[in-house]
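To keep things clear, I will list the structure first and then write my remarks on it.
The values are calculated or read from the model by the stated rules, or taken from the named source; none is laboratory data. Here the structure is a predicted model, which means the values were calculated and not measured. Note: ideal-geometry Cβ built from the backbone for every residue, glycine included; neighbour counts use all protein chains shown.
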């Protein structure tokens with residue numbers, strides 16, 4: 001197993017890490033601030049619907065996840081039943097990405 005050491009880091013790499021961590025904080029907060037019904041109406045964003053006029057297996061996932069973020073379980077299941085499975089997986093990935101970003105920041109020697 002390789003031993004990680006603190007390496008000198010370029011300012012651009014450090015800036016990129018800070019921007020990545022900022023995005024990992026700002027995006028979930030933004031989704032919490034937006035109303036749960038934000039994605040419920042309007043033009044479909046799914047490429048399958050736009051090009052073929054046919055819903056795919058993922059259609060409704062964004063709306064379901066948005067309702068799940070706002071603790072509206074019934075609407076989340078209505079839009080996509082698998083949103084209750086996908087949400088914990090996304091939360092785990094988010095936590096892992098954030099943790100790794102913090103570890104990268106520690107390695108550059110710039111973390112508080």
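Screening segment 1-106 for helices (runs of 4 or more DSSP H) wholly inside it with 2 or more residues that are surrounded by fewer than 15 Cβ atoms within 10 Å (Cβ to Cβ) returns the ranges 11-33, 47-52, 73-79. Annotation note: Cβ proximity below 8 Å between a residue of segment 40-63 that is without any contact (Cβ under 8 Å) to a residue 40 or more places away in the chain and on the phi > 0 side of the Ramachandran plot and a residue that is in a helix (DSSP H, G or I) and surrounded by 12 or more Cβ atoms within 10 Å (Cβ to Cβ) (sequence gap 6+ or interchain) occurs for 60/79; 60/83. Restricting 28, 44 to those that are at pLDDT below 95 and either within 22 Å of residue 85 (Cβ to Cβ) or in contact with a strand residue (DSSP E or B) (Cβ under 6 Å, 6 or more places away or on another chain) (or both) reduces the list to 28.
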